[in-house]
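The values are calculated or read from the model by the stated rules, or taken from the named source; none is laboratory data. Keep in mind that what you see is a predicted model, and the values were worked out from it rather than measured. Positions of Cβ are generated from backbone atoms using ideal geometry, with glycine treated the same way; all protein chains shown enter the neighbour counts.
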Amino acid sequence: MIRVLDARFLTTAVEEKGWPPADAPEIAFVGRSNVGKSSMINALTGRRKLVRVSNTPGRTRTLNFFDSVLEKEGQRRTVRLADLPGYGYARVSQAERASWEKMITTYLQRRTSLRGVVAIVDAEVGATEDDVRTLAYLVGAGRRVLVAGTKLDRLGKSHRKPRLGSIAERLSVPRDTVLGFSATEKLGVAEVWDALWMATS
Ligand code: GDP
């Protein structure tokens, strides 16, 4: 059982020189805009407003860093969480899309302390083209990936496991790297932390 002792906002960055020092194991969160990424980070850390849950998709254009202090069986560890801006928002210009892509790919390729990436997928919708492309990129970049199928509460209980299975298949990742999640019902919180603890060990 992992306990979150503390969670706090660290800094916001656009360029590499704004990243915090690579002095703590880091986990990045990516997903389609409006997928439920902010809600997931808030649910994981147990802080309702750590990340602003925005009703305006596509607005966050920065990397946001948070520090969480975890404890498991008497062992304490700081894990840095990097909230990456959401992708797949239709109403942005080519130039904006290009600058977003550069910011993300630079981070994913160069961040030395990055230990894993949580790729968030809407379990109700299933994996989209954008999700498939993102997963292929992450795997190609050699990153360890955990897929979180969120908003699982929107599916009837009997549909949940099959949906997570089809997400794994569509994304071409092992079934056991896809976990179900719900921010509203707090499903999957312990399972995701366990996986992140392992990834940062
Ligand atoms: P972000 O843009 O990816 O950060 O997404 P948000 O966290 O802002 O959430 C987008 C919308 O989805 C909001 O209206 C949330 O209330 C809703 N939402 C997020 N997570 C869940 C969930 O687990 N279940 C349900 N039913 N709704 C969710």
Reported set for the range 104-123 where residues are within 24 Å of Gly149 (Cβ to Cβ) and of a type in the set (Ser, Thr, Tyr) is Tyr107
Restricting the first residue to the range 171-186 and requiring it to be in contact (Cβ under 8 Å) with a residue 12 or more places away in the chain and aromatic (Phe, Trp, Tyr), which pairs with a second residue that is near the ligand (Cβ under 9 Å from one of its atoms) and part of a helix (DSSP H, G or I) meet a Cβ separation below 7 Å and a spacing of at least six or different chains? Phe181/Met40; Phe181/Leu152
Would you mind telling me which numbered condition in (1) part of a loop (DSSP other than H, G, I, E, B); (2) touching a residue at least 60 places away in the same chain (Cβ under 8 Å) Tyr107 fails? (1)
Looking only at residues that are polar (S, T, N, Q) and surrounded by fewer than 16 Cβ atoms within 10 Å (Cβ to Cβ) in the range 167-189, which one is farthest from the chain's Cα centre (by Cα)? Ser172
Just give me the residues in the range 151-166 being crowded, with 19+ Cβ neighbours inside 10 Å, assigned to a helix (DSSP H, G or I) and either within 11 Å of the ligand (Cβ to nearest atom) or at pLDDT below 95 (or both), in sequence order. Leu152
Among (1) modelled with pLDDT under 95; (2) within 13 Å of the ligand (Cβ to nearest atom); (3) not in a strand (DSSP E or B), where does Val92 come up short? (2)
Quick one: which residue in Asp67, Asp131 is away from the ligand (no atom under 13 Å from the Cβ) and touching a Leu at 6+ places or on another chain (Cβ under 7 Å)? Asp67
Does any residue in the range 24-39 that is among the aromatic types (Phe, Trp, Tyr) come within less than 6 Å, Cβ to Cβ, of a residue that is part of a helix (DSSP H, G or I) and near the ligand (Cβ under 10 Å from one of its atoms) six or more places away or on a different chain, and which pairs are these? Phe29/Lys37
Scan of the range 190-201 for residues that are crowded, with 20+ Cβ neighbours inside 10 Å and over 14 Å from Ala119 (Cβ atoms), ordered by number: Trp193
Residue ID - nearest to the ligand (Cβ to nearest atom), chosen from residues in the range 180-201 that are outside any helix (DSSP H, G or I) and closer than 19 Å to Arg80 by Cβ: Thr200
Inside the range 1-35, the number of residues satisfying the requirement of being outside any strand (DSSP E or B), surrounded by 14 or more Cβ atoms within 10 Å (Cβ to Cβ) and of a type in the set (Gly, Ala, Ser) is 2
Kindly evaluate Ser113 against the criterion of being surrounded by 13 or more Cβ atoms within 10 Å (Cβ to Cβ), at pLDDT below 95, away from the ligand (no atom under 16 Å from the Cβ) and not charged (D, E, K, R). no
Which one of these does Ser38 not meet: (1) out of contact with any helix residue (DSSP H, G or I) (no Cβ under 8 Å at 6 or more places or on another chain); (2) crowded, with 20+ Cβ neighbours inside 10 Å; (3) under 20 Å from Tyr137 (Cβ atoms)? (3)
Taking the range 110-125 and keeping only residues that are part of a loop (DSSP other than H, G, I, E, B) and among the β-branched types (Val, Ile, Thr), one is left with Thr112, Val125
